[in-house]
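First the structure, in the form of structure tokens, and then the observations on it.
Values quoted throughout were computed directly from the atomic coordinates according to the rules given, and no laboratory measurement underlies them. Since this is a predicted model, take the numbers as computed values, not measurements. Heads up, the Cβs are rebuilt from the backbone with ideal geometry, glycines too, and the neighbour counts pull from every protein chain shown.
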Amino acid sequence: MSANIFPPQTLAQKLIARAAGRSHVAVGEVVTCQVDLAMFHDSSGPRRLKPMLDELGAEIWDKNKVVLVLDHYVPAQDTDAQKIIQITRDTAKQWQLPHVIDSEGICHVVLPERGHLKPGMFCVGGDSHSPTGGAFACYMFGIGATEMLGVCVTGQIWVQVPRTLRMHWSGRLQAGVSAKDMMLHMIGRFGMNGGQYQAVEFAGSAVQALSMAERMTLSNMSAEMGAQAGLIAADATTTAHLQSIGVSPERLAEAKQWFTDEDAEFEQHRFDASSLSPQVAAPHSPANTRDVAEFADVAPSIAYIGACTGAKLEDLRAAASVLKGQRVASGVQLMVAPASAREQAQATQEGVMQILQDAGATVLPNSCGACAGYGATFQDGATVISSTARNFKGRMGPASVNVYLASPYTVAASALRGRISDAREVLA
Amino acid sequence: MKKSTFQNARVWRLGADVDTDALAPGAYMKHGLEVIGWHCLEAVRADFASGVREGDVIVAGANFGIGSSREQAAGVLRHLGLAAVIAPSYSGLYFRNAFNLGLLLLTCAEAEKIEEGERLSLHWDGETPQVVRANGQHLVCAPIPGFLMDMVDAGGLLPLLKQRKQG
């Protein structure tokens with residue numbers, strides 16, 4: 001059978017076809033896929049799943065394919081949170097889950113950090129930022145706890161094969177401009193549901209030039225664009241990164257087949273990375289985005305570097321490059337919640353954490369923290385500039401809290417100057 | 001097959017981009033649906049939680065349910081007795097969660113015509129729901145595939161899985 005009898009496929013179609021046991025799939029058809037990996041955390045996981053599994057008298061289809069991460073309610077702020085953590089740990093023991101990552105970082109960062117994601121996989125996560133896995137050429141998307149129950153019982157899930165919206169970025173980002181700015185710009189242009197629950201794919205020379213951490217930021221915030229998945233084709237950067245964290249070359253032999261055929265059907269949008277300014281999303285929507293220069297009058301009282309979106313090792317390095325040898329402006333409180341313990345350890349070894357602490361940073365635990373809004377949040381009336389993903393009214397504290405979203409560079413520069421500032425001026 | 005429906009349902013009119021954090025605020029996520037229900041939508045519509053009654057419907061603008069995967073944002077509306085949500089578009093993730101929890105979402109391009117306090121009924125034309133206004137006008141909604149309506153009619157995926165196990 002010759003290969004050319006099948007129409008060309010997008011990366012999304014190829015990934016779904018493999019998981020559905022098909023040679024190809026057509027956009028719009030509903031197919032049932034085998035799940036290669038299911039991730040859930042302390043909020044979406046055992047406390048919700050166990051009662052439902054018990055009620056059904058069912059068991060997890062394949063424990064080896066499940067990863068449990070404790071990141072939302074850690075460290076416990078009160079007895080209710082403590083109870084949730086206890087249920088999670090007790091259930092993990094009872095179920096004898098082989099892959100549990102407890103209080104060592106945020107799920108979307110520790111999952112790939114531990115080598116769980118490899119190109120070609122079809123994965124679901126009990127969290128809306130699960131499209132982060134798309135940076136590794138995995139079809140990964142977020143689902144709720146009840147749908148996760150369905151996956152746990154059957155090992156399967158339905159998807160409607162999506163169209164692909166390809167975001168093509170040419171040129172190269174300037175120093176002090178990052179993937180977060182690209183993403184805020186795209187969300188501003190297309191809106192919070194502009195992804196229409198289809199697959200977004202990031203491509204072009206500016207995307208290929210990005211590290212895996214920066215690619216993860218693009219895929220992560222596909223959620224804020226309303227896409228089901230945020231995909232990036234596997235390339236030499238992907239395989240080199242995975243080898244560096246211990247994935248065997250044999251597992252990566254076929255990684256480079258995961259790309260969109262050039263003659264496949266997709267909707268393409270073009271952007272120029274070279275001319276992109278740092279972007280800021282004003283309260284209360286990530287789509288409320290404009291150039292950083294338009295916010296020069298805003299004086300934040302809190303500068304927050306945290307979350308899966310904005311506190312990875314490279315994000316910490318970016319902030320340190322701005323703050324090196326300086327202190328934040330008086331009246332600004334800088335908080336840093338590194339996304340994982342391993343990344344924090346590496347940042348410590350590199351002197352990055354020392355720079356941030358010397359600048360006045362308070363270092364917070366490796367968890368979702370204020371971003372999720374589940375525990376400690378910001379006080380009444382605070383003005384916050386934050387490297388996180390969402391600034392909905394009431395998410396990170398009372399409805400009176402105003403959150404501006406920006407890159408770690410911009411958060412650091414704004415902390416330094418006491419006004420929302422362009423890091424390019426500081427780095428120059 | 002029986003189809004979930006409503007008659008003479010009272011409308012709560014909301015704007016666009018109603019997010020999951022407004023429906024199920026993070027500060028109460030450690031509690032059950034009863035507590036979340038007391039605070040549902042308090043950031044955008046303070047009179048909702050205390051005023052909503054069994055059988056009411058929400059009519060909203062585009063992008064209803066954007067944000068988190070927390071299914072309590074759908075579960076709380078069933079807990080409060082909402083018969084359906086009617087909006088021109090939904091977050092895809094919220095859409096899946098709602099049907100998995102047995103909450104009927106009607107995708108209605110003309111939802112913007114409906115006003116606060118109006119009375120609405122639901123009429124089915126095969127797989128295509130139609131929202132019927134008090135003035136007799138029919139607003140045609142997007143068809144809902146049978147496998148999704150099976151979940152609504154069963155009360156959600158969990159009861160459906162139980163039925164199938166017993167059946």
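Structure above, values below:
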quantity: Gaussian network model of chain A, Cα within-10 Å springs - most flexible of A:Asp358, A:Asp380, A:Asp235; calculated: A:Asp380
quantity: Candidates B:Ala16, B:Ala142, B:Ala87: whichever shows maximal mean-square fluctuation once chain B is modelled as a Gaussian network with Cα springs under 10 Å; calculated: B:Ala142
quantity: In nm, spacing of pseudo-spin labels at B:Lys165 and B:His138 (7 Å Cα→C-beta vector); calculated: 4.1 nm
quantity: Neighbour-count ranking [beta-carbon atoms within 10 angstrom, fewest first] of B:Asp21, A:Asp71; calculated: B:Asp21, A:Asp71
quantity: Cα gyration tensor category, rounded, prolate or oblate, for chain A with a/c compared to 1.5; calculated: oblate
quantity: Value at 222 nm in deg cm²/dmol, rounded to 500, when DSSP H runs of n ≥ 4 in chain A each add -39,500 (n - 2.57); calculated: -9000 deg cm²/dmol
quantity: Most mobile listed residue (B:Pro129, B:Pro143, B:Pro88) in chain B, GNM with C-alpha springs under 10 Å; calculated: B:Pro143
quantity: Simple spin-label estimate for A:Ala296 and A:Arg270 in nanometres, 7 Å along Cα-Cβ; calculated: 3.2 nm
quantity: Per-pair calculated FRET efficiency, R0 = 41 Å: A:Gln96 and A:Ile5 via Cβ, rounded to 0.05; calculated: 0.30
quantity: Pairwise label distance in nanometres, A:Thr348 with A:Val30, each label 7 Å out on the Cα-Cβ vector; calculated: 5.1 nm
quantity: Tail weight of P(r) past 25 Å, computed on alpha-carbon pairs of chain B, percent; calculated: 26 percent
quantity: Size of electric dipole in the stretch A:282-427: Cβ of Lys, Arg +1 and of Asp, Glu -1, about Cα centre, debye, nearest 20; calculated: 160 debye
quantity: Percent RCO, i.e. relative contact order, over chain A, from Cα pairs under 8 Å lying at least 6 residues apart; calculated: 17 percent
quantity: Rg/Rg_ref, the stretch A:135-208, where Rg_ref = 2.2 N^0.38 Å and atoms are Cα; calculated: 1.40
quantity: Projected area, mean over directions - the stretch A:8-121, Cα convex hull, nm²; calculated: 8.7 nm²
quantity: Relative exposure of A:Lys324, B:Lys30, A:Lys312, judged by other C-beta atoms within 10 Å (fewest first); calculated: A:Lys324, B:Lys30, A:Lys312
quantity: Net charge over other residues, Cβ less than 9 angstrom from the Cβ of B:Asn100 (K, R count +1; D, E count -1); calculated: -1
quantity: Rg and Dmax of the stretch A:243-307, Cα atoms only, in Å; calculated: 20.2, 54
quantity: Gain upon complete extension [A:Thr154, A:Asp54; 0.36 nm per residue less C-alpha separation]; calculated: 34.5 nm
quantity: At R0 = 35 Å, FRET efficiency that the Cβ-Cβ distance of A:Asp261 and A:Ala428 yields, to 0.05; calculated: 0.25
quantity: For the stretch A:31-72, Kirkwood radius (reciprocal of mean inverse C-alpha pair distance, Å); calculated: 11.4 Å
quantity: Given charges at beta-carbon only (K, R positive; D, E negative), |dipole| of the stretch B:1-145 in Debye; calculated: 340 debye
quantity: Shape of the stretch A:282-427, Cα gyration tensor, a/c cut at 1.5; calculated: oblate
